[in-house]
1. Give the calculated FRET efficiency between ASP677 and ARG306 to the nearest 0.05, with a Förster radius of 51 Å applied to their Cβ-Cβ distance.
2. Could you sort LYS474, LYS220 by accessible area so the largest value comes first, with the probe set to 1.4 Å?
3. Once you have the Cα-Cα distance between SER447 and LYS651, take 0.36 nm times their residue separation minus that, and quote the gain in nm to one decimal.
4. Provide the per-residue ³J(HN,Hα) series for the range 600-605, in order, calculated from phi with Karplus coefficients 6.51, -1.76, 1.60 and θ = phi - 60°, each as a whole number of Hz, with x at glycine and proline positions.
5. Could you compute how much accessible surface TRP395 exposes when probed at 1.4 Å, giving the result in Å² to the nearest 10?
6. Could you work out the relative contact order of the range 188-313, using alpha carbon pairs under 8 angstrom and six or more residues apart, expressed as a whole percent?
7. Once you have the Cα-Cα distance between LYS218 and ARG699, take 0.36 nm times their residue separation minus that, and quote the gain in nm to one decimal.
8. May I ask you to rank THR133, THR53, THR233 by accessible area, largest first, using a 1.4 Å probe over the protein chains only?
Amino acid sequence: MLFTLSTAPAFALNPFKGLPSIEELENPNPELASLVYSEDGVLLHKFFLKNRTFIPLKSIPKSAQHALIATEDVSFYSHWGVDLRRLALAMGENIIKGRKRWHGASTITQQLAKNLYLTQERTISRKAKEFITAIELEKTYTKDEILALYLNTVYFGSGAYGIEAAARTYFGKPASQLTLPESASLIATLKNPTGYNPVKNPSSAISRRNLVLSLMEKEKFITPAQAAAAKKTRLHLNFTPVNHHGLAPYFTEYIRQTIKPASMLGDINVYRDGLTIQTSLDSRMQNYAEQAVKEHLSSLQTSFDRSWRWPESLKNKIVKESARFKELRDEGLSEQAALTNLLGDKVWLGNLLREKTRIQVAFVVIDPSNGHVKAWVGGNNFSPDDYRYQFDHVWQAKRQPGSTFKPFVYTAAIDKGIPANFRVLNQPVALKSGSGIWSPRNSDGSSGGLTTLRYALSRSLNQVTVRLAYENLKITEIISYARRMGISSPIPSNLSIVLGTAEVTPLELAGAFATFANNGIWNEPVSILKVHDKHNRIISEYRPNSRFAIDSTSNFVMVSMLKDVVNKGTGIALRSRYGFDYESAGKTGTTQSMRDAWFAGFTPELAAVVWTGFDDERIKFTSMQYGQGARAALPIWALFMKRAYSDPTLKLENRYFHIPENVIAVPISGNTNTPADLMGSDVYIEYYTPKGFNYYKSRPAQAGQNDENASVSPSEGGRAVEPETMPVEEPAGESVF
């Protein structure tokens, strides 16, 4: 509580039913908004039934305190809860005029008693209860405490309860920064929050404000010169009404759903109990994330709309699935008549089909060193004005990750001791799958000869990935590495998972890729850091949850391979098209028939995952020219990172990934796959784990000239083509093994 409470004596008599108890008097419990803050101190959101935030009296300017006293109760500091002289005059006027609803001359203490404990009815019995309750309040609290309670609970209009909420609503600032005319304007609304609302009725509000200033001058709270100057001041509003969706609406809704369960905070009510929720989000990064999403989705949607043509059969199915079709059927229309009716309603049909073809997005950014979520965009309606409890694709959508799953396959191989320059035949392999044959191909239909794992991952070759898993790994091993790195969604035990057919959320995939950036240590993605109650006591605090996922040496080899993806592989657009030259690595992904486009990438300081696609999986991108991961998802990652790394206040640096001491670096000829002179034209540095280097040395058959159709040398840095891999879905209920 913000006030020092004293013990109130018990009522000697309590002849009026409905009077507050001693406990209620000593512990007033007005409904308080819970505040959600970013890690950099920005108010993101309020959860409330009544928009009210308590602040101590010292944070309320004297101008507001004096304006209230001058207007409502000039004898406030001298009476004992009731001003008998004012009360007698008011009672006499009520009797003379025969009023059924009595007017009162209530003191500030009486108004507080009514607001906190009683009804708003105007009757003799309610007035008597107010009288007694006011006296007891005066016994319980000091005058300053009563004044603070009043200013923190009274309604100022526009959904603002209390002076702090009112100051932020009307002037976009905390109450402590209110000027004299602003304070007078707020106190002016108390007489009639609608009639003197400065937004809705500015002329009436100014007249009432000037009257308040005159009363302050009369009571000598301000000088005549101050009053005159304040009255000449124009009404400058920064109207910022608080709705239920502030900054980062998807993220704050995730916070609400996370914190709401009773298991987390006991019986505390997030809408009433004035919690302060400290989150991990960075408001600057959030802003850059939203800018990047908005910028890219606009052009991506244009490309899709230009190429998409509705198949008649799918259009008819979607119409039949609509609520309006069901209504027409319930009204007695036949299926064909209802369909014809709706197909003929061009406006309705256009809106329905347009909504179905809006590209959705998920974008989440994590600090890999601690798992803190720094930015979060869960869909395409992230403006507070548009958002209405939307489906959140960051944590609620499970989609096939496509080739972004492949790094877990290669991690299992590297950690097992298979080196990055181990060569696998880039040819189709035919495997029995149930009653049929499964033979995945590279997305562009190409094949070749022996190809190194490093090159295969950078170009996302399906055939090499499947052969590697089939000939050298166990499915259980691959699943184990995915689990250790942060994938928690169900993963079926069949070979098709190596091409990304097991559905995951973007949030868990981001946590897994953050493991690469964090030297092989997985940190649980975290959004809520601390929760304080209204007394500023910590009631919940995040305890870090991390684990050793993969050996740091194996991790670095994988990082070096994922760097090749953006330096010379399918993600080269990050460098060539967007000019992001900071140390980074990642993996593109495009699923079967271009339903989903992904880019999962990281720097030493930030890991981020982008997904784009459609809620209805029957709708898909129509061309690799714009719908593959490198073009539909990677641009959002690039645009965000460029803005974030250009912001000096974020203090991001171009750091290098950590190289463990036992990593073995060897100059290798790209043509012969054997150690070579460092100055050779086709030489690159290959990195080995100790186990991997021994494996390489013990298998001379792996050395020798690469097949001419396999690939260009990994050392060649020419612009890569960007066809993306598309996993073939395994038939439901059937597995390869």
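The values are calculated or read from the model by the stated rules, or taken from the named source; none is laboratory data. Just so you know, these numbers come straight off a predicted model, no measurement behind them. Note that each Cβ is placed from the backbone with ideal geometry, even for glycine, and that neighbours are counted across all protein chains shown. Side chains are part of the model used for accessible areas, which takes the heavy atoms of the whole protein and leaves out ligands, DNA and RNA. Shrake-Rupley method; radii C 1.70, N 1.55, O 1.52, S 1.80 Å.
1. Efficiency, rounded to the nearest 0.05: 0.45.
2. Final ranking, largest accessible area leading: LYS220, LYS474.
3. Gain on stretching SER447 to LYS651: 68.9 nm.
4. Each residue of the range 600-605 in turn: 10, x, 7, 10, x, 10 Hz.
5. Ignoring ligands and nucleic acids, TRP395 comes out at about 80 Å².
6. Relative contact order for the range 188-313 comes out at 11 percent.
7. Extending this stretch completely gives an extra 163.3 nm.
8. In descending accessible area the options line up as THR233, THR53, THR133.
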